[in-house]
1. Assuming Ile41 fulfils every condition listed in (1) over 14 Å from the mean Cα position of the chain (by Cα); (2) surrounded by fewer than 20 Cβ atoms within 10 Å (Cβ to Cβ); (3) hydrophobic (A, V, I, L, M, F, W, C) apart from one, which condition is it?
2. Looking at segment 132-161 only, could you name the residues that are over 18 Å from Phe173 (Cβ atoms), among the aliphatic types (A, V, I, L, M) and surrounded by 10 or more Cβ atoms within 10 Å (Cβ to Cβ)?
3. Kindly check whether there is at least one residue in segment 139-152 that is within 20 Å of Trp37 (Cβ to Cβ) and modelled with pLDDT of 75 or more.
Amino acid sequence: MNRTAIITLEITITALILVVLIGTYLASGFSYDALIWILLIALGIGAMYLLKKHNTTEVRRIIAVMGILCIGISFAGILTPTPLLPATPTMGMVFGMILLLLHWRMKRQDGELGLQDERSLRIGTYGIACSWYLTYIVVILLATAISLGGMQVPAESVVLILIILMPISTILFQTYFNHKGDVY
């Protein structure tokens, strides 16, 4: 793909994302929660795009400023007398801290650390795939147990189980395959 086509695609995707975000804000009845969430989502998309395309010192500084901006927006949400959902300022704080940790991590990472050999990539991919299959089986078992009426589980518990299961099983599968030597 040539450079002009890539730039056109990036502009088109950015425009679509902006339309969705503005539409969400307008559909919410101009609530402050929607505005803060839109700002946080836009900052997150921008930060990930910048890090993926241009991992330089200037971009990492911009990521740190974005993190501080997220924390500032969250403090403003806490201090102002606007009616906000309890999760909105907390999510902004967490998101700002994630951006600051991402800045710190990328700052400490040297250029050679990101290179991996084919074996490591295969182990990582296979570990994630096995984790996904395990999570899929757990979802099927939970859905079957709940639909047959044998189990009453709140939705929060199911989501928490899945959130904990995915990264832990990924780490365990990748560690197992790494000790085994290879995946095939």
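The values are calculated or read from the model by the stated rules, or taken from the named source; none is laboratory data. Note that this is a predicted model, so its numbers are computed, not measured. Cβ coordinates were reconstructed from backbone atoms using ideal geometry, including for glycine residues, and neighbour counts include every protein chain displayed.
1. Ile41 satisfies every listed condition except (1).
2. So the first thing to find is which residues in segment 132-161 are over 18 Å from Phe173 (Cβ atoms), and the list is 140-160.
Pick out the ones that are also among the aliphatic types (A, V, I, L, M) and you get 140-143, 145-146, 148, 151, 153, 155, 158-160.
If the condition is that a residue be over 18 Å from Phe173 (Cβ atoms), among the aliphatic types (A, V, I, L, M) and surrounded by 10 or more Cβ atoms within 10 Å (Cβ to Cβ), then Ile140, Leu141, Leu142, Ala143, Ala145, Ile146, Met151, Val153, Val158, Val159, Leu160 are the ones that fit.
3. To start, the set of residues in segment 139-152 that are within 20 Å of Trp37 (Cβ to Cβ) comprises none.
Within segment 139-152, none of the residues are within 20 Å of Trp37 (Cβ to Cβ) and modelled with pLDDT of 75 or more.
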